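The structure under discussion appears below in the form of structure tokens.
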Amino acid sequence: MFERLTSGMSVVILDLEWNQGTYYTNPRIPHEIIEIGACRIDPEGKIVSRFSRILKPRIYRQIDRHIQKVTGITQEELNRGQRFSDAWQEFIRFTDGARLVTWGRDDFPVLKRNVEFIQAEMPFEPPIDAQLLFGYLFYNDCSRQMNLHSALDEMKITSEIPAHRAVYDAEATALLLPLIDEKLQQLDDSQMEVLEKVLDREKRIALAKLVTFPTSYMSYAEAIADRRVTSFYCPVCGSRAHFAVPWFDAGKEKYEAVARCHSHGYIQGNMHFKKSTKGNVVISQRFSQASEEQVRSVKNKYHAFKMIPENKRHHRLEMRISPSGPKNEASNPG
């Protein structure tokens, strides 16, 4: 299964469910895993073993109403759940060196943060995203994020597997893998080269450093004017990186930048703001190693931003670089 991507490694499909705070969010762990589900498949794609654990949360102890409605997990189940640290060690033993597969790119960043929170080791490479492969192979569109059960319907696969529990979603993903693998084997060298570039980009994103923190600022303009907020650090070595493209508003209150680490090359930064229930600005940032193609893309978007007349930028924000270091400027900050 996925011989062209796994080099003969066995495959374990992983799916997670997580909880969140209704009124409070810990920036170190915005989402807390409450269920780990997985299944191991043989080379023909048949499920040979399963793993399912409900976890007792430490941070968000009451299950969010929406999460309970979607997953069906009850508060009583959580109260009887296993500690994440114990379940994590059991999961590592279950995988036994297998390559992970997920449906979508969301699970691994959440897993990374939960593992970092308990100061445990992460022995896994970023998983193969079966959702991305499905979009590329069947629709020639890597960005097509089709719902798992919609994909089953598209492939006319009938399943009695319930939805939105971790182990069941892992099993549902397993039903699609033989079809995905068959299409993967049919790619010619040029198509495979395109896919490998996309997978390399996704791996960089999956290994990115994620930072979320609240500020005391009540406006986005004030927040982005603080150099402590907009400083850039290499996700590999942690050293200060130097701007090649300053932070700029890429639209919809999302910001991008590029900096260079002397040891690890170009680093792409992504940042967005939101307001807490108290009205102060909360900032989320992602720093990942960037390819030359990604650097060119950000530079092109920055040049397009600069072409917008300042009086038409509305509330879009800009950071400029001065000889003494980065200086932030808000255009029409309102």
Residue identified as under 26 Å from Arg53 (Cβ atoms) and in contact with a helix residue (DSSP H, G or I) (Cβ under 9 Å, 6 or more places away or on another chain) among Val101, Val110
Val101
Scanning the stretch 257-274 residue by residue, those under 19 Å from Arg228 (Cα atoms), surrounded by fewer than 21 Cβ atoms within 10 Å (Cβ to Cβ) and under 21 Å from the mean Cα position of the chain (by Cα) turn out to be Asn270, His272, Phe273, Lys274
Only unsatisfied item for Ser324, checking (1) of a type in the set (Ser, Thr, Tyr); (2) in contact with a Lys or Arg (Cβ under 9 Å, 6 or more places away or on another chain); (3) at pLDDT below 75, is (2)
For the stretch 188-214, enumerate the residues that are at pLDDT below 90 and among the hydroxyl-bearing types (Ser, Thr, Tyr).
Thr212
With the requirement that a residue be hydrophobic (A, V, I, L, M, F, W, C), touching a residue at least 12 places away in the same chain (Cβ under 8 Å) and either assigned to a strand (DSSP E or B) or touching a strand residue (DSSP E or B) at 6+ places or on another chain (Cβ under 7 Å) (or both), what does the stretch 24-57 give you?
Ile33, Ile34, Ile36, Ala38, Cys39, Ile41, Ile47, Phe51, Ile54, Leu55
Just need a number here: residues in the stretch 121-151 that are hydrophobic (A, V, I, L, M, F, W, C) and assigned to a helix (DSSP H, G or I).
8
Filter pass, Gln89 being under 23 Å from the mean Cα position of the chain (by Cα), part of a helix (DSSP H, G or I), farther than 26 Å from Ile128 by Cβ and not acidic (Asp, Glu):
no
For the stretch 4-23, enumerate the residues that are in contact (Cβ under 8 Å) with a residue 12 or more places away in the chain and surrounded by fewer than 16 Cβ atoms within 10 Å (Cβ to Cβ).
Arg4, Thr6, Met9, Thr22, Tyr23
Run down Ala223, Ala208, Ala241, Ala290 and say which single residue is touching a residue at least 60 places away in the same chain (Cβ under 8 Å), among the small types (Gly, Ala, Ser), buried (at least 19 other Cβ atoms within 10 Å of the Cβ) and farther than 27 Å from Ile128 by Cα.
Ala223
Working only within the stretch 58-112, note down all residues that are farther than 24 Å from Leu207 by Cα, surrounded by 18 or more Cβ atoms within 10 Å (Cβ to Cβ) and of a type outside the set (A, V, I, L, M).
Tyr60, Thr71
Can you run down the residue pairs with Cβ atoms below 6 Å, 6 or more apart or on separate chains, where the first is in the stretch 73-100 and in the same structural domain as Ala166 (by TED's automatic domain parsing) and of a type outside the set (Asp, Glu) and the partner is modelled with pLDDT under 95 and part of a helix (DSSP H, G or I)?
Arg99/Thr6
Within the stretch 140-147, is even one residue closer than 26 Å to Ala87 by Cα, in the same structural domain as Gly72 (by TED's automatic domain parsing), touching a helix residue (DSSP H, G or I) at 6+ places or on another chain (Cβ under 8 Å) and of a type in the set (A, V, I, L, M)?
no
Going by what's in this entry, would Glu76 be described as acidic (Asp, Glu), touching a helix residue (DSSP H, G or I) at 6+ places or on another chain (Cβ under 9 Å) and outside any loop (DSSP other than H, G, I, E, B)?
no
Go through the stretch 113-161 and give me each residue that's among the small types (Gly, Ala, Ser) and surrounded by fewer than 18 Cβ atoms within 10 Å (Cβ to Cβ).
Ala120, Ser143, Ser150, Ser159
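The values are calculated or read from the model by the stated rules, or taken from the named source; none is laboratory data. These numbers were taken from a predicted model, which means no experiment stands behind them. Virtual Cβ from ideal backbone geometry, glycine too; neighbours counted across all protein chains shown.
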